[in-house]
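Notes for the one structure printed next.
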Amino acid sequence: MASLSVKPGQRFTLPDWQNNSLLISADAEQQRYNSHQVRQEGRALRNETGNQAKWDEHNSRTQLKDRITTVDRWREALARCLTEIDLEIDALTKVKEAAENALQAKNLCLDVAIECLTFRESRRDIDVVRDPVEEELLKEVKVIEKTKKELQQRVDDAFRQLCLLKEARQLLESDHRHKVEALELDRLCMSFNPTSGNISFKVNPTRIPDGTTALSEWEQNSRCNKERAEAEIKASVDLRGAITLSIAQTNNELDAQRIATEFALRKRMRDMEAALSELRWQEQNTLEEIAEMEEEIRQLEEEIRKRTLDLKVAHTRLETRTYRPHIELCQDKAQYGLADEVQQLEGIIRALQHKRTESQNALDALYRQLHRIRTDIGYKTNSLQLDNKCMDTRKKLVVPVEKFQPEVDAVSRTRNLPRESQLELA
């Protein structure tokens, strides 16, 4: 017969079983309550963190937009300033080139003035005088050297100002380029979203990189670059005006001096022509006087010859009468008359010979004077030819090489010029 097997171990009572059921139910209720609370807190946290994250992302995006707007405004301001400084560099370069051309043109003026002085060094004897022409030419050389020095100074100033403008432009360009790069990066940041494929965790993303500047320092740097560029542009505009004025003034000074020199040269040439005319008139009169004096000397010699023949006749008569015989050799009136005639003829011949000597001396003096006149005519003809050469040389200056009329408000050959003492004539 089979027997009932009883499971060994503790047996609970029915109340224990009921209590256990109640405990499980109570625990289940509590766990569901706790879970509900956690769910509610999680939902609230999700809502709160989601809203906070959206707000923070919106705030970051707004700040990025504001930053992009600020940087873009500075970029546009720097771009405008770059355009203005490029235009100013171009304008100043043109004015500098105009000043260099004007300075180059002064070399021709100086060459002409020195060439004229060199021509006039070939004057001879009494014509080597310190006349108004030489004084005006020396003044012209001084004026040209003064204008060259002033223009060279202006060219140097323009060169230095161009360097400052280019330095300011380099700072502007660097700042503008950096802002363009920053804008590209910030716009890239604006494009990022949770679905972007190039987002990832980074190591210590909140670190402050080396070289980071404060916002005030960033803005002050851009403002300083812009203000410096504007200051250099203003200085360049003022310098262009000064250069333009200097070119006009130097051209006016040189034109005035050139006119004064040519006026003195023309007046000197007229005086020289008048002197030559007077000398040629004197030469003609002297030649006529020489011809008359030579004729007078010929007539005196002819008269001396005749009187000499008369004296020979008288001498012969007296000598012949010494051969009268005996008592016939007496002092008669004829003898006295012949003796008187001899004395008279000898006195006449002496007077005629003396006059012939005086006439010959006068003739010699006339020939010497004629030689002097002709020599002086040669000197003055040479001087006039030299002054004509000066006038021909100065024709190069009739049409100025450089008339400065730049379309915009716009380094140079230098020469070893003669010192003033080397230009002065004896």
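Restricting 180, 203 to those that are over 30 Å from residue 82 (Cβ atoms) and either within 19 Å of the chain's Cα centre (by Cα) or not acidic (Asp, Glu) (or both) reduces the list to 203.
Is there a residue being acidic (Asp, Glu), under 25 Å from residue 62 (Cβ atoms), assigned to a helix (DSSP H, G or I) and out of contact with any Pro (no Cβ under 6 Å at 6 or more places or on another chain) anywhere in the range 186-194? Yes: the range 186-194 contains one or more residues that are acidic (Asp, Glu), under 25 Å from residue 62 (Cβ atoms), assigned to a helix (DSSP H, G or I) and out of contact with any Pro (no Cβ under 6 Å at 6 or more places or on another chain).
Annotation: of all residues in the range 53-86 being farther than 17 Å from residue 178 by Cα and among the basic types (Lys, Arg), the one that is least open to solvent (accessible area, probe 1.4 Å) is 61. Comparison of 130, 207 shows that the only residue that is surrounded by fewer than 17 Cβ atoms within 10 Å (Cβ to Cβ) and under 30 Å from residue 66 (Cα atoms) is 207. None of 296, 303 is in a helix (DSSP H, G or I), of a type in the set (Asp, Glu) and touching a Ser or Thr at 6+ places or on another chain (Cβ under 9 Å) except 296.
Taking the listed residues 255, 175, the one that is in a helix (DSSP H, G or I) and modelled with pLDDT under 90 is 255, with no other qualifying.
Of 62, 49, all but one fail to be out of contact with any Asp or Glu (no Cβ under 6 Å at 6 or more places or on another chain), farther than 30 Å from residue 229 by Cα and at pLDDT below 85; the exception is 49.
Within the range 130-149, residues that are over 22 Å from residue 246 (Cα atoms) reach partners that are of a type in the set (Gly, Ala, Ser) and open to solvent by 70 Å² or more (accessible area, probe 1.4 Å) with beta carbons closer than 9 Å, at six or more positions or on different chains, in the pairs 130/426.
Being more than 28 Å from residue 86 (Cα to Cα) and open to solvent by 50 Å² or more (accessible area, probe 1.4 Å) holds for only one residue in 188, 245, 254, and it is 188. Within the range 209-238, residues that are more than 23 Å from residue 82 (Cα to Cα) sit with their Cβ atoms under 8 Å from residues that are surrounded by 12 or more Cβ atoms within 10 Å (Cβ to Cβ), at 6+ positions apart or across chains, in these pairs: 213/221.
The values are calculated or read from the model by the stated rules, or taken from the named source; none is laboratory data. Note that this is a predicted model, so its numbers are computed, not measured. Virtual Cβ from ideal backbone geometry, glycine too; neighbours counted across all protein chains shown. When the accessible area is computed, the model is the full protein with side chains, heavy atoms only, and any ligands, DNA or RNA have been set aside. Shrake-Rupley method; radii C 1.70, N 1.55, O 1.52, S 1.80 Å.
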